[in-house]
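Working notes, structure below.
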Amino acid sequence: MSKPSIAIIGGGIVGLATGLEFVRRFPGITLTILEKEPALASHQTSHNSGVIHSGIYYKPGSLKARLCLTGAKALIQFCRDYEVPYEICGKIIIATAPDEIPRLEELNRRGVANGLEGLRRLSREQIREIEPHAAGIQGVQVPSTGIVDYAKVAAKYAEIITAEGGTICLSHEVIGLKRCGSQTIIETTRGQFEANLAINCTGLHSDRISRMANARLDLTIMPFRGEYYDLVPEKHGLVKGLIYPVPDPRFPFLGVHFTRRIGGGAEAGPNAVLALKREGYSKTSFLARDAFECFTFPGFWKMAAQHWKMSVGEYHRSWSKAAFVRALQRLMPELSSDDLLPGGSGVRAQALGIDGKLIDDFHFVHTEGIVHVCNVPSPAATASLAIGKYIVDIAVQRDDCGQIQRTQYTAPESEALSA
């Protein structure tokens, strides 16, 4: 039986960033990462648009705002130190109708409150100077936004972890958790592990793993699929940086937008449709267990009653390329259907409360000997290093690390996880 001091369940970018923080802060620590897939970073980490977010969208003082800003700086420095390709290309957020201007002004206010530098209000003419093919009546330029390949970032995290003595176990799906004395017993499909401290970083399955540990949850994970189109090669020049709409503040989604990719090319999307399978990357993906859990959760029907019109519109854009193109033409009127080819997709793990509200901020839950990362959607990849530091800070403060001497590190005050 293996007996690591720390076990991290989930080998996505947040789990890996947390492991990286442990091995850097506590040299010689025994750390194991358990990943159910045959490869690391197989889901949300490698199925996103690769944006390094600035932090302009998030409520000042929230965990998202704080960790995104510090995490983006740490990520950029990491990429510099380890020669991971990235680019700070900037983005513009465009209002295309008068009723969007107050929301654009609120975004600018949030950006200033969150400490973003270089924000600039844009007129119609200034939008065209930055993005000649974009159209809008007002905009905000966010120069600190960038692009990177998060799968490559995650791979570098893993490389450092193993070089520092950490162990990564692939194809180890967790099927049971129980507490025995000072140890957490972790049952996997390929054997049993013990740990003084376990970290649940399982993304789309975080609620299920939490319930294995008898966590009191008033939420469930709702999988939202986002679908992309790729711009045909001869149209890559339509996008110089990143072009975003003003988002609807009722939802934690940013709306369909244009994004350059660090490896070349450009894409448009994503939409946001409820997936009937937690790892359902195609329109026809379906898993009875996942759909049943979704439809029997009380909060689902409250959400559906309130936002059914938005949902119908998103599904229409999912099945109709013409509708998807029309949404994009608000930002770029000259775009045509022939300019786009079907691209990839991703599934976002979004926590939904029993009250029917989508949980906006990052959310962590604690059971004895286990930290559960229950809601870390975008900008989690951007903020991954800061999230990892936050988790380790809390684990040390709560004295969950067993054999790790608290004198090695002084955790910050008043950083508490919800019980």
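Quick one: in the stretch 262-299, of everything that is surrounded by fewer than 17 Cβ atoms within 10 Å (Cβ to Cβ) and part of a loop (DSSP other than H, G, I, E, B), which residue is nearest to the chain's Cα centre (by Cα)? Out of the qualifying residues, it is TYR281.
What residue, of ILE354, ILE387, ILE359, ILE391, is more than 19 Å from the chain's Cα centre (by Cα) and among the β-branched types (Val, Ile, Thr)?
One residue alone meets the criteria, ILE354.
Counting the residues of the stretch 235-254 that are among the aliphatic types (A, V, I, L, M) and under 12 Å from HIS133 (Cβ atoms) gives 3.
Within the stretch 241-261, how many residues turn out to be part of a strand (DSSP E or B) and open to solvent by 40 Å² or more (accessible area, probe 1.4 Å)? So the answer is 1.
Let's see how each residue does on (1) closer than 24 Å to PRO60 by Cβ; (2) part of a helix (DSSP H, G or I); (3) without any contact (Cβ under 8 Å) to a residue 12 or more places away in the chain:
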| site | (1), (2), (3) |
| --- | --- |
| ALA74 | yes, yes, no |
| GLN77 | yes, yes, yes |
| ASP81 | no, yes, yes |
| ILE92 | yes, no, no |
| ASN108 | yes, yes, no |
| VAL112 | yes, yes, yes |
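Among the residues of the stretch 201-240, those that are crowded, with 22+ Cβ neighbours inside 10 Å and part of a loop (DSSP other than H, G, I, E, B) comprise CYS201, THR202, VAL239. Only one of the listed residues (THR96, THR162) is within 23 Å of VAL23 (Cα to Cα) and modelled with pLDDT of 95 or more. That residue is THR162.
Does the stretch 341-397 hold any residues that are over 17 Å from LYS59 (Cα atoms), open to solvent by 10 Å² or more (accessible area, probe 1.4 Å) and assigned to a loop (DSSP other than H, G, I, E, B), and which are they? Across the stretch 341-397, the qualifying residues are ILE354, ASP355, GLU368, ALA381.
A single entry from TYR86, TYR150 fulfils the requirement of being among the aromatic types (Phe, Trp, Tyr) and surrounded by 21 or more Cβ atoms within 10 Å (Cβ to Cβ): TYR150.
The values are calculated or read from the model by the stated rules, or taken from the named source; none is laboratory data. Only a predicted model underlies this, so the values are computations on that prediction, with no experimental measurement involved. Neighbour counts are summed over all protein chains in view; Cβ atoms, including those assigned to glycine, are modelled from backbone coordinates with ideal geometry. Ligands, DNA and RNA are stripped out before the accessible areas are found, and what is left, the full protein with its side chains, is counted by its heavy atoms. Shrake-Rupley method; radii C 1.70, N 1.55, O 1.52, S 1.80 Å.
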